[in-house]
């Protein structure tokens with residue numbers, strides 16, 4: 001009986017990798033492409049969430065600005081200013097005979 005030598009596993013794997021180099025390379029490229037798609041999708045989701053949060057924040061600030069404008073208009077109304085001047089400061093409108101006109105030269 002002749003004894004047959006069985007090649008080592010590592011040398012068999014190495015020979016197969018060399019013979020099918022293109023297939024291994026394509027497989028690795030498919031895996032890399034899949035990982036890139038996953039990464040880009042995740043980044044896109046994060047950016048979309050951030051954009052939605054910023055739009056919501058912009059809307060809140062816009063609403064607050066409108067409320068402040070309404071409040072400013074309310075606080076500067078002529079009737080309110082006149083009423084506060086009369087009540088708190090004791091100011092009154094001068095009568096026509098109390099008015100003094102200074103001639104313009």
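The values are calculated or read from the model by the stated rules, or taken from the named source; none is laboratory data. As the structure is a computational prediction, the values presented were derived from the model and not from experiment. Neighbour counts are summed over all protein chains in view; Cβ atoms, including those assigned to glycine, are modelled from backbone coordinates with ideal geometry.
Here are the numbers for this structure:
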{"read-out": "Verdict on residue 47 being modelled with pLDDT under 95 and surrounded by 10 or more Cβ atoms within 10 Å (Cβ to Cβ)", "value": "no"}
{"read-out": "Flag if residue 24 is surrounded by 10 or more Cβ atoms within 10 Å (Cβ to Cβ), at pLDDT 90 or above and touching a helix residue (DSSP H, G or I) at 6+ places or on another chain (Cβ under 9 Å)", "value": "yes"}
{"read-out": "Near pairs, Cβ below 8 angstrom, 6+ apart or cross-chain, from the range 74-90 (without any contact (Cβ under 8 Å) to a residue 12 or more places away in the chain and at negative phi) to any residue that is assigned to a helix (DSSP H, G or I) and surrounded by 10 or more Cβ atoms within 10 Å (Cβ to Cβ)", "value": "74/80"}
